[in-house]
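Report on one structure; see the data block that follows.
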Ligand code: NAD
């Protein structure tokens, strides 16, 4: 019997990148029975709510999901479906690896970091209100609990131990946030001695950002609260080559959901232009979670080879700034087809060439396109 996985295409570029990911997953030959569940703008039209109960029921039943990005209206409108999913399913650990892949799209080809972000509380708790009737002042409450801090810090050390990583850094702002910051800091300080083989240290969030853009190779696993983790994981995605290639995973005690770091990129929706790699690398993570190690390795190598070859890559990987040798951009579906074609053919024993630096990328090509 195959694996049963909930598939949430999402909205914006979500349906395109999840179709690409599904194509690559199917190319591995691993039997997956996809249970498609609509959430986001599409679900408002079909179910009258952006997060129908049937989505939550499907994930609870299957205990594993592959998810596309979902739009959150800015300012007003409905609350974030992404945040609601994490809170309602208690998906407390958001794990975002940032590895430079094959190409030249980073000044830091040695980047190999993991951001572990607490995903259920902090400034995303939804506790906020206007202070006065005229709406000239507002408050958003930063909810930090000892229970959630302990479990995310433990998760980060356990991940470091499992993946043979050497170092965990706690990122906070305990100098200014003397209650919430200090609570998280204390949880970290009391957990660290239980993992004597793993080095630990702390950074204030502002200093952490500066250190990362100067010398990311000095860091390994970063563990932090919700908002800082959201910001840091985009920063680390940029270090490793851009949002188009940054996958992510969400873990609770019994449920895992895989989603890219990027959002729904509405300006590219329906154009078959978006980079499918982040969602495809979510398939790699999904396969590892399902115990399908060879399939995971095939997906990773097929992505690596496709980016290294630079014959069939989307606009963000084809532009000057990502590559020294600009090439005509391919579509999302063409790149997915190329990666899927490679999946059964890759040599699992061949050494992977190290990524090389471009000698100075002018900026994030995704934002300049
Ligand atoms: P975004 O990640 O969608 O886009 C940021 C920039 O990166 C844009 O220039 C975009 O075009 C580009 N980009 C993103 N993904 C890309 C891809 N796969 N290929 C090529 N270029 C890509 O972030 P945003 O614009 O801040 O947010 C858009 C919407 O997505 C918002 O409604 C936001 O709330 C939502 N969002 C959802 C998630 C999620 O579902 N987990 C995460 C982040 C943002």
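Taken together, the values in this text are just the output of simple stated rules run on the coordinates, not laboratory data. Bear in mind that the values here come from a model prediction, so they are computed numbers and not experimental data. Counting neighbours? That spans all protein chains shown, and the Cβs are built from the backbone with ideal geometry, glycine included.
Counting only Cα atoms, I'd like the Rg/Rh figure for segment 222-291, Kirkwood definition for Rh. Computed over Cα atoms, the ratio is 0.99.
Using the Cα coordinates of segment 16-89, the gyration tensor eigenvalues translate into equivalent-ellipsoid semi-axes of 24, 14, 11 Å, sorted from longest to shortest.
Considering only 233, 46, 217, the mean-square fluctuation computed in a Gaussian network model of the chain, springs between alpha carbons under 10 angstrom, is largest for 46. For segment 42-144, averaging the sequence separation of C-alpha pairs within contact (under 8 Å, six or more residues apart) and dividing by the residue count gives a relative contact order of 17 percent. Along its three principal directions, the equivalent ellipsoid of segment 151-199 from the Cα gyration tensor extends over semi-axes of 22, 9, 9 Å, largest first. P(r) tail, the chain: Cα-Cα pairs separated by more than 36 Å, 20% of all pairs. Taking every C-alpha pair closer than 8 Å and separated by at least 6 residues, the mean separation divided by the residue count of the chain gives a relative contact order of 23 percent. The modelled label-to-label distance for the pair residue 217/residue 347, using points 7 Å beyond Cα in the direction of Cβ, is 2.6 nm. Here the chain carries DSSP beta bridges of which approximately 40% are antiparallel, counting only pairs with both residues inside. Rounded to the nearest 500, the helix-only mean residue ellipticity at 222 nm of the chain stands at -11500 deg cm²/dmol, with each DSSP H run of n ≥ 4 adding -39,500 (n - 2.57).
In segment 124-240, Rg over Rh equals 1.03, where Rg is the alpha-carbon radius of gyration and Rh the Kirkwood radius from pairwise Cα distances. The relative contact order of segment 124-240 comes to 28 percent, based on Cα pairs under 8 Å that sit 6 or more residues apart. What is the calculated FRET efficiency for residue 164 to residue 49, with r their C-beta to C-beta distance and R₀ = 41 Å, to the nearest 0.05? After rounding to 0.05, the efficiency reads 0.40. Give the separation of the Cα centroids, segment 236-279 to segment 68-120, in Å. The distance from the Cα centre of segment 236-279 to that of segment 68-120 comes to 7 Å.
Comparing 189, 162, 151, which has the greatest mean-square fluctuation in the GNM of the chain with Cα pairs linked when under 10 Å apart? So, out of 189, 162, 151, the one fluctuating most is 162. Residues considered: 268, 315, 92. Largest GNM mean-square fluctuation over the chain, using C-alpha springs under 10 Å, is found at 268.
In the calculated pair-distance distribution of segment 1-149, the portion above 28 angstrom amounts to 35 percent of the Cα-Cα pairs.
In terms of other Cβ atoms within 10 Å, 234, 253, 90 run from fewest to most in the order 253, 90, 234. When 304, 34 are sorted by how many other C-beta atoms sit within 10 angstrom of their C-beta, beginning with the fewest, the order is 34, 304.
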